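Every read-out reported here was derived from the displayed coordinates using simple, explicitly stated rules and does not represent laboratory data. None of these values were measured; they are calculated from a predicted model. Positions of Cβ are generated from backbone atoms using ideal geometry, with glycine treated the same way; all protein chains shown enter the neighbour counts.
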Amino acid sequence: MSDKTTKQLLDELEWLYMELYGDEDAFLYFMKMLEKNADERRLSLKKLDEVRSGDKDWYQSNKLLGMMLYAQNFGGNLKEVRKNLPYLEECGINYLHLMPLLDSVKGKSDGGYAVADFRKVRPKLGTMEDLEALADACHEKGIALCFDFVLNHTSDEHAWAKAARAGDQGARDRYFFYDSWDIPNKFEQTVPQVFPTTAPGNFTWLDDIQKVVMTTFHNYQWDLNYANPMVFNDMTDNLLYLANRGMDVIRLDAIPYIWKELGTNCRNLPQVHTLVRMMHLACQIVCPGVALLGEVVMEPREVVPYFGPAEKPECDILYNVTTMCTTWHTLATRDVRLLQHQMDQVCHLPEHCFFQNYLRCHDDIGWGLDYAFLGQFGIGEEPHKRYLNDWFTGKWPGSWARGELYNDAESLGDARACGTTASLCGLECGILEALDNKGDASLKRGLACDLMMHAWMFTQTGIPVIYSGDEIGQLNDYSYHDDPSHWDDSRYLHRGKFDFALAEKRFEHGTLQQLMFDGLQKLKNIRGEHDVFRSDAEVYVYYTGDDRVMGLKRQHGDQTLVALFNFSENPAEATIEGAVWRDLLSGRVLPPGDDSGMKVRLSGYAFCWLMKE
Ligand code: GLC
C-alpha cells in the first residue's frame, strides 16, 4: 500500500477518533499502539498482507468452502484439530471458523463468549503457541482461519472486572456501574432483552459491592463502555494481537450492541458504525490482509449498513442472517415468495456487500423475517413465529422436523429454534422411522431436503459455511439435558461432539453419511469449477411460475446458469425459457423447448443447476 494511501487512512482515523472522543492523549496512545502492532507483525503475515492487498479474491473466491467448529468437539484441543486437518482438506475446507477458545471460566463461559483473558487460550484447549502453530499449518494448506473477537463485554473474571470489583475507579469506568437501580430501570424501559428466559434483564446487582452493572447478555458478561476511549484503545489492541497470531478473518461478535445510550434500544447506534469503521482502518494500516466479519443478527434493514459505503467500508463480510432464516421459513411454508423478495434485495446490493452464507451456526434460529411483506398475505408476526416454532420442534401435525425451542418466554411470543440441519430437515425422524420398520421413505425425503438446502446455500454468492457435522448429517445431541453447566441452554442441542466414528461411514457406499458427504463434495467442486459461480457474476431471482420452486439465475461472461429448488416435499413444475440446458449435476441435457418456454419437473425437494449450452 502506498504512503499516500496510508496517510489518507490515518487522516480519516484521526478525524473520526477526535470527533467521537475529542481526546488527544488517548489518540496518541492509540497511534503508538498501532505502531507497536505493526512492528510486531511477523514477516510471513506481512507477506500474506502483500499478496492479498487489493485482491479480495482470497475471501471472495467461488473455490472457498467454510466450516465452523469447536476445537473441544473436534478432537478435544488445538493440537488435535491440527492433526485432523487432513479430514477438513478431504471435505474441501479452505476457510475454518474456530469457535471461541480464549480463556473463560467453566459454568459461566457462554460457550467461550465470556472472555477472561484475550491473550490466553483456555488451558484445556492448548496455548497461544498451539494456536499460532495451527494457523501456520492452515496457511501451508491454503486454509484461512476465522476467529471470534468478543468485544461487547468481558467475563466478570477478566482482570479489568476483578479490579473494578475491588474498587479501582479506572477499571470501573471501563464498564457501566450504578449505585442504584434508578438509571438501570430507565434503560430497561427502552432496551429489549437478548435472553429473556435464561438471563432476563440488562443489569445485574452485585451484592458484595452494592452496585448495579450492565449485563446485556448473561450476568457474568459485563458490558464494556466504549464511550471511554481507553476501552476502545485496549480492545483494538487485543484485536490486532489476535490478527498477529495469524488469524485471517476476525469475527466481530455482537457488534450492534457496543454503544449504549439512555432512551434508546442500545442497538445499531450511529457511534457503533464509527467504531467499526475505525477498527477497519486500524486493520488496513496494521494488517491489510485481515478481513472483518460482522455478526449482525438484526432485523433485515439494520444489517446492510454494517458494510458501510464502498469507499469507507466497515465490515468486509457479514452473516447472511436474513436469507438464512428466510430459507428455513420457506422450508416450513413451501412458499418461496418471501425468499424471492429477500433475494431480490440481496442481488441488488452494491458490489462491496459480501456475505457468509450458512444454514446453521452455533446459535439459535431467530425469526427475523420481513413481516411487513408477509402481512400482505394475511400472515401476522406472532402466529407465524408460533407456526415456525411448532413446525421445527415437530409439534405441528405431520412435521418431521426435530428441534427444540430457545428462550421461550410466553409473554414475548418470540421463541427461537435450535437443532442440527439434519434433524431440522427430517433426517432424525427418518432414521427413527426406518429403525421402527416403517420403511425408508421418510429418510430419503430428509436426505433430499438436507442436500437441497445445502445446494441452495452453495448457489448464492458469498462464502458457503458448513456447520461441522452437517457434512455427515449429524443429528441433535440431547445429552446437554443432563449436563449441569448447559442444561438450560438449548443451543447445546446442536453443539454436540463431532462423531469421528460415524464419519468413517462416508466410505461405505449407500450410507447416509456417504450420500451427504459426497453430495456436498460434488456441489463444492462444480461451484469451484465454473466461473458462473464467481462472486462478480450477475445474479437475479428467476421466477418459475410455481410458488414452491425457488429459482436463481447467474450470469458470468458467456455462461448462464438457472438453478431451481423445490422447497416442497411434493413434485412441482417450473417453467423456464426455451434453450438447450444441461444439468451440471447429472450431466443430462434437457429435451429442448420452444419460444414459449419449457417445463422442468422436480420431484419433492429436488434441485438442479442448469447451464445454457
Ligand atoms: C453472539 C454469539 C452468541 C453469544 C453472544 C454473547 O451473539 O454468537 O453465541 O451468546 O454473542 O456473547
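Distances between placed amide hydrogens fall under 5 Å for Ile466 paired with Gly66, Met67, Met68, all partners being 5 or more residues away or on another chain. Nearest 5 percent is fine: what portion of the DSSP beta bridges confined to region 536-612 is antiparallel? Rounded to the nearest five, the antiparallel share is 100 percent. Toward the positive end of the charge dipole of the chain, with +1 on the Cβ of Lys and Arg and -1 on the Cβ of Asp and Glu, the farthest Cα among Phe607, His509, Thr204 is that of His509. When the trypsin sites (Lys or Arg not before Pro) in region 336-414 are filtered for DSSP coil states and for at most 15 other beta-carbon atoms within 10 Å of their beta-carbon, the remaining sites are Lys395. Taking every DSSP beta bridge that has both ends in the chain, the antiparallel portion is near 65%. Couplings 3J(HN,Hα) of region 335-347, computed from phi: 9, 8, 5, 5, 5, 4, 4, 5, 5, 4, 6, 4, 5 Hz, in residue order, whole Hz [Karplus 6.51 cos²θ - 1.76 cosθ + 1.60, θ = phi - 60°; x for Gly and Pro]. Electrostatic bookkeeping for Gln376 treats Lys and Arg as +1 and Asp and Glu as -1; over the other residues with beta carbon under 12 Å from its beta carbon, the sum is 0. Can you grab the distance from the C-alpha centre of region 565-613 to the C-alpha centre of region 85-125, Å, no decimals? First find each Cα centre; the distance between them is then 43 Å. Cα gyration tensor of region 159-223, axes a ≥ b ≥ c as square roots of the eigenvalues: rounded (a/c below 1.5), prolate (a/b > b/c) or oblate? Because a/c hits 1.5 or more and a/b exceeds b/c, region 159-223 counts as prolate.
If we count other beta carbons within 10 Å of each Cβ, what is the order of Leu224, Leu88, fewest first? All intermediate terms of the calculation are to be shown ahead of the outcome.
Working: Leu224 25, Leu88 21.
Lowest to highest Cβ neighbour count: Leu88, Leu224.
Mean separation of Cα pairs under 8 Å and 6 or more residues apart, divided by the residue count, gives region 536-612 a relative contact order of 31 percent. Scanning residues 5 or more positions from Leu224 or on other chains, those with amide H under 5 Å from its amide H are His153, Thr154, with H placed 1.01 Å from N in the peptide plane.
If you take the square roots of the eigenvalues of the alpha-carbon gyration tensor of region 317-447 and sort them as a ≥ b ≥ c, do you get rounded (a/c under 1.5), prolate (a/b over b/c) or oblate?
Working: a/c = 1.86, a/b = 1.47, b/c = 1.27.
Prolate shape, in that a/c is at least 1.5 and a/b is the bigger ratio.
In loop segments of region 386-483 as defined by DSSP, the GluC sites (Glu not before Pro) with at most 16 further C-beta atoms inside 10 Å of their C-beta are Glu410.
Between the helical axis of 128-140 and the longest alpha-carbon principal axis of the chain there is an angle of about 40 degrees.
Counting neighbouring Cβ atoms within 10 Å and putting the fewest first, the residues Asp390, Asp182 line up as Asp182, Asp390.
Karplus-derived 3J(HN,Hα) values for region 208-214, using 6.51 cos²θ - 1.76 cosθ + 1.60 with θ = phi - 60°, are 4, 10, 6, 9, 9, 10, 7 Hz; glycine and proline are entered as x.
From the helices alone, meaning DSSP H stretches of at least four residues, give me the mean residue ellipticity at 222 nm for the chain, per-run term -39500 (n - 2.57), in deg cm²/dmol to the nearest 500. Counting only the DSSP helices, I get -11000 deg cm²/dmol. Taking amide hydrogens as placed 1.01 Å from N in the peptide plane, the amide H of Gly597 sits under 5 Å from those of Gly578, each at least 5 positions away in sequence or on another chain. Sites listed here are GluC sites (Glu not before Pro) in region 249-308 whose DSSP assignment is loop and whose Cβ has at most 16 other Cβ atoms within 10 Å: Glu261. Summary value for the chain: 12 percent relative contact order, contacts being C-alpha pairs under 8 angstrom separated by 6+ residues. Couplings 3J(HN,Hα) for region 584-601, derived from phi with the Karplus relation 6.51 cos²θ - 1.76 cosθ + 1.60 (θ = phi - 60°), are 5, 7, 9, x, 6, 9, 6, x, x, x, 10, 4, 7, x, 9, 9, 10, 8 Hz, where x marks Gly and Pro. The longest part of the chain holding none of the exposed loop chymotrypsin sites (Phe, Trp or Tyr not before Pro), meaning those outside H, G, I, E and B in DSSP with at most 15 other Cβ atoms within 10 Å, is 182-376.
Once a ≥ b ≥ c are taken as the square roots of the eigenvalues of the Cα gyration tensor of region 1-143, is the result rounded (a/c under 1.5), prolate (a/b larger than b/c) or oblate (a/b not larger than b/c)? Display every interim value, and only then the final one.
Values: a/c = 2.36, a/b = 1.41, b/c = 1.68.
Note, shape of region 1-143 comes out oblate.
Against the chain, whose longest principal axis comes from its Cα atoms, helix 321-333 is set at around 40 degrees.
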